[in-house]
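Remarks on the structure that follows.
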Amino acid sequence: MWLRVGCTLEMDFQVESPMLLLMRPRSDAHQWVAQDRYTVSPGMPIIEYTDMYGNLWQRLTAPPGHFQVQVQSDVRVPPRLDRVPGAPFVLVQDLPDHTLMYLTPSRYCDSDRLGQQAAQIVRGKIPGYDQVEAIARWTHEHMTYLTDSDPTPISAQEAIDRGNGVCRDFAHIGVALCRSLSIPARYVVGYRYRLVPMDLHAWFEAYVGGQWFTFDPTQSESEAGRVRLGYGRDASDVPVFNQFGPLVIPSRMDVSVEEIDGLIP
């Protein structure tokens, strides 16, 4: 399927402000970016670089005054997500090097505190995909999704204790529980088709059976129609923007996702 995704971000600065932006999707095994449009007002030099996770970042220095960035991308994504119940657990000694960074605790995914709880959640499940599926289902059933939850990021254990959160918290819980079982798991931020209310979204991927699989604990069933902006150990690795200097709250942030006709036969 083809999706046209877009984001508009506006801010007003009193002083010159360096910024890092994660607003441009890249082509990879999950998606093909056929064309995109990236505009910044006022015009200014932009440098793009790729971080250790493969994410595309834009680096710029916004002048004082009104700042706006608009991004629109046409992306081909699979019409269905891969689901392979029974896909096996991969022994740590057999994991590929690129997955190892997603095994250990990180700022918001305190997997070293959740081993006992994870073991209870997956009891009786076949090691691997079935365990991750049980974790995603448990998170969906035991956490309440609240759009007006305290926006301050908290750890997975703190989110479980609180009992509610937004997609970021649900993804952190899934990641942390998986890692506590020695299953590599990574946080993903991006766009999701037909998300209500529409906004940027977070979910997680787990490495079992020799590949990464998508799990979205905010939903009763993980659905296709996703465009990935970035991967990381947790949300601290993939903010949509980092602004340095006196704190400025965005005056506008609009997100859109629509299905379009295919651009390539």
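Taken together, the residues in the stretch 209-248 that are without any contact (Cβ under 8 Å) to a residue 24 or more places away in the chain and outside the structural domain of residue 198 (by TED's automatic domain parsing) amount to 1. Name every residue in the stretch 95-115 that is in a helix (DSSP H, G or I) and farther than 20 Å from residue 169 by Cβ, in order of residue number. Passing the criteria: 97, 98, 99, 100, 101.
Filtering the stretch 140-168 to residues that are touching a strand residue (DSSP E or B) at 6+ places or on another chain (Cβ under 9 Å), within 15 Å of residue 215 (Cβ to Cβ) and in a helix (DSSP H, G or I) leaves 167, 168. Checking each residue in the stretch 223-265 for being of a type in the set (Gly, Ala, Ser) and in a loop (DSSP other than H, G, I, E, B) picks out 224, 225, 245, 251, 262. Remark: pairs (first residue in the stretch 136-147, in the same structural domain as residue 114 (by TED's automatic domain parsing) and closer than 14 Å to residue 118 by Cα; second residue modelled with pLDDT of 95 or more and assigned to a strand (DSSP E or B); Cβ separation under 7 Å; 6+ apart in sequence or on different chains) = 136/215.
Number of residues in the stretch 169-193 that are outside any helix (DSSP H, G or I), more than 18 Å from residue 101 (Cβ to Cβ) and not charged (D, E, K, R): the value is 3.
Kindly indicate whether residue 220 is surrounded by fewer than 24 Cβ atoms within 10 Å (Cβ to Cβ) and in a loop (DSSP other than H, G, I, E, B). Against the criterion (surrounded by fewer than 24 Cβ atoms within 10 Å (Cβ to Cβ) and in a loop (DSSP other than H, G, I, E, B)), residue 220 qualifies. Being loosely packed, with under 12 Cβ neighbours inside 10 Å, touching a residue at least 60 places away in the same chain (Cβ under 8 Å) and out of contact with any Lys or Arg (no Cβ under 7 Å at 6 or more places or on another chain), is that true of even one residue in the stretch 25-40? Yes.
Residues checked against (1) over 27 Å from residue 21 (Cα atoms); (2) modelled with pLDDT under 95:
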residue	(1), (2)
70	no, no
79	yes, yes
99	no, no
113	yes, no
123	yes, no
133	yes, no
139	yes, no
157	yes, no
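For the stretch 200-215, the set of residues classified as assigned to a loop (DSSP other than H, G, I, E, B) and either of a type in the set (A, V, I, L, M, F, W, C) or modelled with pLDDT under 95 (or both) consists of 200 only.
The values are calculated or read from the model by the stated rules, or taken from the named source; none is laboratory data. Just so we're clear, the structure is a prediction, and the values are computed from it rather than from any experiment. Neighbour counts run over all protein chains shown; Cβ positions are idealised from the backbone, glycine included.
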